[in-house]
Amino acid sequence: MSRARADEEEYWHSSKFRAFTFDDEDDELSQLKESKRAVNSLRDIVDDDDDDDLERVSWSGEPVGSISWSIKETASSSTTSLEGRDSSLQKGSSSYAAFPKQASSYSLSSLFKGEIPYLCLSLSALSDTGVKNYAPELRRPKAEYKDYSSDWSPKDSVRRMQRGKVCSLERFRSLQDKLVLLDEAVAGHDGNVITAVLIFLKRTLRREILFRELEVRQVALCHLIHFLKETGEQKLLLDLLRFLDRTEEVALSQYREHLNIQDVEKRREFLKGCIGLPFSAEDTSHIQDHYTLLERQIIIEANDQHLETVGQSEIFRKYPRKASILNMPLVTTLFYSCFYHYTEAEGTFSSPTNLKKTFKIPDKQYVLTALAARAKLRAWDDVDALFTTKNWLGYTKKKAPIGFHRVVEILQRNNAPVQVLQEYVRLVEDVETRLNLATKYKCHDVVIETYRDLKDRIQLTAYKCKVERGSAEEEKINSILNNMVRNAY
């Protein structure tokens with residue numbers, strides 16, 4: 001350690017410059033000898049394990065990282081071409097190659113990445129160009145430069161986007177280039193690419209020009225309309241539809257805005273204003289029904305909320321409301337009315353029959369909804385009355401516009417008693433369907449009676465094994481089988 005320090009002191013206090021004389025040989029050989037002496041002196045110092053006491057030097061004799069070293073190195077780098085630097089680094093110049101690899105754990109790349117603590121300050125003085133010059137290995141390979149080329153044609157750009165490559169569209173500045181790009185995107189049949197190009201055109205073209213060009217490109221036009229609907233750009237969408245003279249679509253887009261109105265009174269007023277928009281005749285009827293329904297719901301909600309609060313209605317005490325009726329669909333409103341207001345007179349707004357008449361609800365829909373509501377309340381008398389009709393002679397019979405097999409399924413989902421199920425299973429006209437339902441829901445009487453009517457002794461005997469021993473069903477089967485035997489003789 002002491003020898004190394006002595007050598008270091010001798011190096012720094014010595015001078016490599018001699019007094020000028022005319023006999024000096026100012027040639028490359030003398031400079032090379034001087035360089036070798038400097039390298040040998042450095043090797044003796046760097047080989048020491050105590051790196052904390054070292055200070056690295058350049059070929060000029062100045063410490064690496066000093067201000068003067070940074071200035072000189074930066075100045076020299078600015079006058080050296082990129083090709084010369086690359087070749088010198090590959091072949092190994094005298095400046096870099098002379099450093100022994102085992103001299104330090106620090107590498108050249110770590111030096112320029114700022115990983116050497118005492119060089120961080122001096123590196124800040126270097127420009128980005130300097131960093132690239134001294135560390136060419138940090139740059140992208142030249143083979144990748146083509147990915148960022150600005151010379152791609154519209155067709156090549158579309159192909160690159162289809163493959164998920166990075167591609168800037170900003171180079172397409174003229175209207176003609178942009179339209180060619182759009183046509184190529186449409187020809188590629190890739191929805192994502194078409195949408196990306198449309199976003200670029202929407203941002204870089206005036207609306208009038210964009211609308212005019214899209215009018216003759218229906219595929220791109222449909223993509224843009226769908227995109228504007230998905231992103232909620234309502235103003236631009238309305239402007240586009242007005243330009244295309246699609247008055248009904250403009251009206252529907254304006255009507256759709258009611259979904260964003262939370263206040264029920266404001267929504268009601270908005271729907272009232274939508275009635276006068278240029279809808280088709282059918283759509284105008286729907287808008288009118290929507291407005292009327294919301295108006296009814298506001299009245300029903302206010303009345304039922306009051307009844308539930310004061311506790312005067314038994315059904316609201318027994319079955320508290322789970323949600324508000326406001327903004328609910330027509331079918332939900334009908335179910336609500338059948339559940340809470342089934343017996344009300346037709347003159348009230350909350351009456352199911354009033355709703356059926358006002359909104360022209362078909363019989364099938366009304367019966368299905370009313371059946372589900374009354375079965376949920378286990379009001380079997382109401383269910384029976386729903387299907388009972390009288391003819392002009394006063395005779396009663398059961399009739400279901402939805403088919404009794406569906407009635408049975410709805411009743412079974414609401415846990416109807418077997419006696420109720422059997423009554424409606426018997427009304428199923430198709431024999432095979434009737435047997436399947438009766439077997440599935442264990443309506444034994446229906447199965448036995450059906451096999452009796454079919455005079456099928458084999459099936460009766462087989463079904464006897466499926467009922468309990470000693471039960472009324474078993475006795476019934478035995479009686480039918482005995483009668484069949486007697487009648488055979």
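The values are calculated or read from the model by the stated rules, or taken from the named source; none is laboratory data. Remember, it's a predicted structure, so these values are computed and weren't measured experimentally. Here Cβ is always computed from backbone atoms with ideal geometry, including for glycine, and neighbour counts include all displayed protein chains. To get the accessible areas, we keep the full protein, side chains included, count just its heavy atoms, and leave off ligands, DNA and RNA. Shrake-Rupley method; radii C 1.70, N 1.55, O 1.52, S 1.80 Å.
Points worth noting:
- Counting only helices (runs of 4 or more DSSP H) that sit wholly inside region 170-233, those with at least 2 residues that are surrounded by fewer than 17 Cβ atoms within 10 Å (Cβ to Cβ) and among the basic types (Lys, Arg) are 191-204, 207-214.
- Residue within region 240-248 that is within 27 Å of Gln162 (Cβ to Cβ) and at pLDDT 90 or above present: yes
- Among the residues of region 453-474, those identified as assigned to a helix (DSSP H, G or I), under 25 Å from Tyr424 (Cβ atoms) and over 60 Å from the mean Cα position of the chain (by Cα) are Ala472, Glu474.
- Residue count, region 282-304 (criterion: touching a residue at least 12 places away in the same chain (Cβ under 8 Å) and either open to solvent by less than 30 Å² (accessible area, probe 1.4 Å) or not charged (D, E, K, R) (or both)): 15
- Some residue of region 336-348 being of a type in the set (S, T, N, Q), at pLDDT 95 or above and open to solvent by less than 70 Å² (accessible area, probe 1.4 Å): yes
- Those residues of region 267-281 which are within 31 Å of the chain's Cα centre (by Cα) and either touching a residue at least 40 places away in the same chain (Cβ under 8 Å) or exposed (fewer than 12 other Cβ atoms within 10 Å of the Cβ) (or both), in sequence order: Arg267
- Any hit, region 426-434, residues being surrounded by 15 or more Cβ atoms within 10 Å (Cβ to Cβ), touching a residue at least 12 places away in the same chain (Cβ under 8 Å) and under 23 Å from Val485 (Cβ atoms): no
- Among the conditions (1) surrounded by fewer than 17 Cβ atoms within 10 Å (Cβ to Cβ); (2) touching an Asp or Glu at 6+ places or on another chain (Cβ under 8 Å), the only one that Met484 does not satisfy is (2).
- Cβ separations smaller than 6 Å between residues 6+ apart or across chains give the following pairs from region 165-176 residues that are within 14 Å of Arg203 (Cα to Cα) to residues that are modelled with pLDDT of 90 or more and among the charged types (D, E, K, R): Phe172/Lys178.
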